[in-house]
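Notes follow the structure.
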Amino acid sequence: MKSETKTMKLKALFWLIVYVCVFSTYFIWDKKLSGGIGYFSFIVGGFLLFYSLVLTAIAGRTLKRFAHDKKDEFIPDRFVDNGIYNCMRHPMHLGIGLLPLSVALISGNLAMILASGWGIGATFWFVLAIEEPETLRKYKDDYIKYLQRTPAFTFSLKCLENGLYTLKDNSLTQQNSKVELKGFEAKHYDKLIDTVTLGWYPKFIEQVIKDLDLKEGVKVADFGAGTGRNALLMLPYIKDNGEVISYEIGQEMQNQFLQNTKDFQNIKLENKSILEDLDKENYFDVVFISFVFHGFTQGNREKIIQNAYKLLKPEGVFAILDFNEFDIEKSSFYVRLPVKFLECPLASDFINRDLEKMLSKYNFQDFKTKTYFKNYLRSPILTTSAIF
Ligand SMILES: C[S@@+](CC[C@H](N)C(=O)[O-])C[C@H]1O[C@@H](n2cnc3c(N)ncnc32)[C@H](O)[C@@H]1O
């Protein structure tokens, strides 16, 4: 252990010397890039600095999470080939090696830019001639296989994405769900969603409600109602003799709901969880649930389906507006990144499941579906016309 600590110190000294050599050139020759090239260098350097810091941080956290059998040991004692280490062997060194170049480009100092090229050369040498043979001696065959399947370095952004994703807590628990909105997000839910979607959402949700084809006088249960926006959009279709009963447990959402719907007697709020055993049996023509269902564990989703079935009249419809089933890894980046990093892991779990199969298990049938937003979203409608 003592010799490993000594080696670590020597390695740290090596990096210190590389950094000092690169940065000290600044004081030797103060020629700077000017005009357009100077600005270009500044911008490229900024991006590179961000990249190298993110890369180093991801690599460091991956080692911290996966490389230690004994939690309080600094030196890794376990071979790590997952997360960011699954797509490159030396992310930490790439990050550390690019740092002087990024600072040099930001400063625009020509001597430093040229010297940082040597710094990168020193990084490659150090990794391939010193570090790697040492790791090879330590992990033998495992490392040979790893070496054959994994490049030493890559600039792939997908690699960065996968590295970051591995660090996320991806456990499929209800505690890890984001479906119960609170605080700022809940207080400004409608405005946030309209802004983030650049004004697309209001027209979209109007269209979805229109597509429900609600008839005058029908009774609708709105599961996880939010601010009341959906209930208000239903009113022109169900008219005064129809009714919306909204189930919502979030305090901030309830406050907005009551304020928004105060003028309409036929929109009512029930402060009840859709996971509870709900009591209005055989009462509703439609149960609507919008962007709520994916946020539950599979066990809880099944409770919600059973509740919907119980509350619906025979031949009533269960309408679920949510993500469609698709291959997340093959989806466009503007869908993949929010799903992986902003949504809870339950959303990915839901996207990978067969919804029709899930619902037919509880006697729903006649699956009609309409897709939206390049097939990434859908609103299937299922009738309960009844296989008993
Ligand atoms: C993402 S928001 C969607 C709101 C609304 N359906 C919409 O489309 O605008 C999810 C809502 O479900 C509510 N919710 C979460 N868990 C619930 C539960 N167990 N019972 C009832 N409502 C719930 C949250 O408080 C939140 O208002």
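Bear in mind these aren't lab numbers, they're just calculated from the coordinates by the rules spelled out. As the structure is a computational prediction, the values presented were derived from the model and not from experiment. Here the Cβ is made from the backbone with ideal geometry for all residues, glycine too, and neighbour counts use every protein chain on show.
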Note to self: Less than 13 Å Cβ to Cβ from Lys368, Lys/Arg counted +1 and Asp/Glu -1: what total charge do the surrounding residues give?
What the structure shows: -2
Next item on the list: Please give, to one decimal in nm, the separation of the simple spin-label points placed at Lys168 and Asp327, each 7 Å out from Cα toward the Cβ.
Entry: 2.0 nm
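Taking only C-alpha pairs under 8 Å that are 6+ residues apart, what is the relative contact order of the chain in percent? Intermediate results must be reported in sequence, preceding the final value.
On the way: 568 pairs, mean separation 46.6, N = 388.
For the chain, the relative contact order is 12 percent.
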Check: Across bins of 10 angstrom width beginning at 0, how are the C-alpha pair distances of the stretch 2-167 distributed, in whole percent?
Finding: 10, 34, 34, 16, 5, 0
Check: Which whole-number percent gives the relative contact order of the stretch 104-249, counting Cα pairs below 8 Å spaced six or more residues apart?
Finding: 14 percent
Check: Using a basic spin-label model with each label point 7 Å from the Cα along Cα→Cβ, how many nm lie between Gln265 and Asp366?
Finding: 3.2 nm
Item checked: Qualifying trypsin sites (Lys or Arg not before Pro) in the stretch 251-297, DSSP loop, other Cβ atoms within 10 Å at most 10 -> Lys262
Checklist line | Pairs beyond 31 Å (Cα-Cα), from Lys262/Lys374; Lys239/Lys280; Lys280/Lys330; Lys6/Lys32; Lys64/Lys187; Lys340/Lys368 | finding: Lys262/Lys374; Lys280/Lys330; Lys6/Lys32; Lys64/Lys187
Note to self: Below 12 Å, Cα to Cα, which aspartates and glutamates can Lys219 reach? Residues fewer than 8 away in the same chain don't count.
What the structure shows: Asp240, Glu243, Asp285
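Could you list, in their original order, any pairs among Lys182/Lys310; Lys203/Lys272; Lys310/Lys361 whose Cα atoms are separated by more than 19 Å?
Over 19 Å apart, Cα to Cα: Lys182/Lys310; Lys203/Lys272.
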Next item on the list: List the aspartates and glutamates whose Cα lies under 15 Å from the Cα of Lys140, skipping any in the same chain that are fewer than 8 positions away.
Entry: Asp77, Asp81, Glu131, Glu132
Next item on the list: Would you mind classifying the stretch 175-383 by shape? Square roots of the alpha carbon gyration tensor eigenvalues, ordered a ≥ b ≥ c; an a/c under 1.5 is rounded, otherwise it is prolate if a/b is larger than b/c and oblate if not.
Entry: rounded
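Per-residue ellipticity at 222 nm for the chain, helices alone: DSSP H runs ≥ 4 residues times -39500 (n - 2.57), over residue total, nearest 500 deg cm²/dmol?
-16000 deg cm²/dmol
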Item checked: Cα→Cβ-extended label distance, 7 Å offset, between Lys64 and Ile249, nm -> 3.3 nm
Checklist line | Crossing angle, helix 157-167 versus the chain [Cα axis fit, 0-90 degrees, rounded to tens] | finding: 70 degrees
Item checked: Förster-model FRET efficiency, 25 Å R0, Lys138 and Asp349, C-beta, rounded to 0.05 -> 0.10
Next item on the list: Please identify the cysteines of the chain that lack any partner cysteine with a Cβ under 4.7 Å from their own Cβ.
Entry: Cys21, Cys344
Notebook entry, point to check: Working out 0.36 nm times the residue gap between Ala12 and Glu206, then minus their Cα-Cα distance, what length gain in nm do you get to one decimal?
Noted result: 63.8 nm
Item checked: Of all DSSP beta bridges in the stretch 242-388, antiparallel share, percent nearest 5 -> 45 percent
Item checked: Under 14 Å from the Lys303 label point (7 Å along Cα→beta-carbon), backbone N, the stretch 327-367 -> none
Next item on the list: Can you tell me how much longer the chain between Val196 and Asp240 gets when fully stretched, taken as 0.36 nm per residue apart minus their C-alpha distance, in nm with one decimal?
Entry: 12.5 nm
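Within the chain, what percent of beta bridges assigned by DSSP are antiparallel, to the nearest 5?
Antiparallel: roughly 35 percent of the beta bridges in the chain.
Exactly which GluC sites (Glu not before Pro) in the stretch 169-251 are in a DSSP loop and have at most 11 other Cβ atoms within 10 Å?
When the GluC sites (Glu not before Pro) of the stretch 169-251 are filtered for loop state and at most 11 Cβ neighbours within 10 Å, Glu216 remain.
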Note to self: Students often check this: by mean Cβ neighbours within 10 Å, which of 359-367, 101-109, 138-146 ranks highest, and how do the rest follow?
What the structure shows: 101-109, 359-367, 138-146
Checklist line | All-pairs Cα distance distribution in the stretch 264-348, expressed in whole percent, bin size 10 Å | finding: 15, 40, 27, 16, 2
Next item on the list: Give the value in nm², to one decimal: projected area of the alpha carbon convex hull of the chain, averaged over all directions.
Entry: 25.5 nm²
Note to self: Using a 10 Å cut-off around each Cβ, can you sort Thr195, Thr25 from fewest to most neighbouring Cβ atoms?
What the structure shows: Thr195, Thr25
Checklist line | All aspartates and glutamates inside 20 Å of Lys357 as judged from Cα atoms, apart from same-chain residues fewer than 8 positions distant | finding: Glu302, Glu315, Asp322, Glu325, Asp327, Asp349, Asp366
Next item on the list: Compute the separation of the alpha-carbon centres of the stretch 127-144 and the stretch 1-66 and state it in Å as a whole number.
Entry: 23 Å
Margin query: Just to confirm my numbers, what's the Cα centroid distance between the stretch 333-381 and the stretch 173-226 in Å?
Written below: 15 Å
Notebook entry, point to check: Ala152 to Ile75: extension gain in nm, 0.36 nm per residue of separation minus the Cα-Cα distance?
Noted result: 25.6 nm
